[in-house]
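Report on the following structure.
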Amino acid sequence: MTGGSVTRTAVPLAAINRIFPEAAADATDEQLLQWYGELPHNGPWVRFNFVSSLDGAATHEGRSGPLGNEVDQHVFSLLRRLADVILIGAGTIRAEGYGGELLSAESRQWRIEHGMPARPAFAVVSGSLNLDPDSELFVQAPVRPLLLTTTRADAGRRRALEEVADVVDAGDQWVEPARIVEILTSRGLSQIHSEGGPTLLGSFEAAGLVDELCLTMSPILAGGTGQRVADHVAEHAPQAMRLAHILESDSMLLLRYLSVAPASRP
């Protein structure tokens, strides 16, 4: 998984094969979109997408990008097609670099043909609003970003960022996942696609609001002290997930897990 603007593959992709539930060789984009687009219900849906090394690292040298490859990036871009909104934590913005166009022209055309806006909305979670209003994220944004923050955020930062984004409170002490879902769905953004980071996933886990986890297992032993895909200090009961499909390409596994029990909605 890599963030940031659209990347283009210079060489043909390796074949993507489904090995569970039914085998399918060399899947097409339409097949992939169909498989990932099959949801158990039509209400709010929170999908997280992460990559991990075989030894459990979510990053290498502080970024997730080095763990992925062209196939992972391609599926990553297809998931954006299906989303009403892309949800990112501020830490991931700073680590991965987001700015400019996030969808290819082909993806934008696909969305239009399927009755969707050309681009999904873009939402950033930042309790402190420690973001630069002059950064590429805002200056080059093709859609006006939505910033989800707290009532305690610095007033000066809030005023500066309100010039370039819609700033909305989603909690008092911290940004609350249930409030995030409520705010996004109230805007008609029910298919929520999150690209990280680990703190954001951990907070949604603690709130019991993870409907789906798409986890790419990279055939790499990363070593080091890279953090896990989820990181949150709050204690919470483990959440059971069920395996929906396994894709394989050049020794990389792309796993899709769905929540066993429907998430509790606000």
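The values are calculated or read from the model by the stated rules, or taken from the named source; none is laboratory data. Remember, it's a predicted structure, so these values are computed and weren't measured experimentally. Neighbour counts run over all protein chains shown; Cβ positions are idealised from the backbone, glycine included. With ligands, DNA and RNA removed, areas are computed over all heavy atoms of the protein, side chains included. Shrake-Rupley method; radii C 1.70, N 1.55, O 1.52, S 1.80 Å.
Determine whether the stretch 148-161 contains at least one residue that is within 16 Å of the chain's Cα centre (by Cα) and not aromatic (F, W, Y). Looking for residues that are within 16 Å of the chain's Cα centre (by Cα) and not aromatic (F, W, Y), one finds at least one in the stretch 148-161, hence yes. Contact map, the stretch 111-128: first residue more than 15 Å from L79 (Cα to Cα) and assigned to a loop (DSSP other than H, G, I, E, B), second residue open to solvent by less than 30 Å² (accessible area, probe 1.4 Å) and at pLDDT below 95, Cβ cut-off under 7 Å, separation 6 or more or different chains; pairs are S126/A90. When restricted to residues that are within 16 Å of I88 (Cβ to Cβ), open to solvent by less than 60 Å² (accessible area, probe 1.4 Å) and not in a loop (DSSP other than H, G, I, E, B), the stretch 134-165 contains 7.
Quickly run through the stretch 232-250 and pick out the residues that are more than 18 Å from the chain's Cα centre (by Cα), surrounded by 11 or more Cβ atoms within 10 Å (Cβ to Cβ) and part of a loop (DSSP other than H, G, I, E, B). Selection gives H236, Q239, D250. Report yes if some residue within the stretch 67-79 is open to solvent by 10 Å² or more (accessible area, probe 1.4 Å) and in contact with a strand residue (DSSP E or B) (Cβ under 6 Å, 6 or more places away or on another chain); otherwise report no. Looking for residues that are open to solvent by 10 Å² or more (accessible area, probe 1.4 Å) and in contact with a strand residue (DSSP E or B) (Cβ under 6 Å, 6 or more places away or on another chain), one finds at least one in the stretch 67-79, hence yes. The residue that is modelled with the lowest pLDDT, among those in the stretch 53-90 that are among the hydrophobic types (A, V, I, L, M, F, W, C) and assigned to a loop (DSSP other than H, G, I, E, B), is A58. Can you find even one residue in the stretch 257-266 that is in a loop (DSSP other than H, G, I, E, B), within 20 Å of the chain's Cα centre (by Cα) and surrounded by 14 or more Cβ atoms within 10 Å (Cβ to Cβ)? Scanning the stretch 257-266, I find at least one residue that is in a loop (DSSP other than H, G, I, E, B), within 20 Å of the chain's Cα centre (by Cα) and surrounded by 14 or more Cβ atoms within 10 Å (Cβ to Cβ), so the answer is yes.
In the set (1) open to solvent by 20 Å² or more (accessible area, probe 1.4 Å); (2) in a helix (DSSP H, G or I); (3) closer than 30 Å to V71 by Cα, A206 fails one condition alone, (3). Taken over the stretch 166-181, the residue count meeting the criterion of being of a type in the set (A, V, I, L, M) and either over 19 Å from the mean Cα position of the chain (by Cα) or in a loop (DSSP other than H, G, I, E, B) (or both) is 4. Listed by first and then second residue, the pairs linking a residue in the stretch 20-33 that is at pLDDT below 95 to a residue that is open to solvent by less than 80 Å² (accessible area, probe 1.4 Å), with Cβ atoms under 9 Å apart and 6 or more places separating them unless they lie on different chains, form an empty list.
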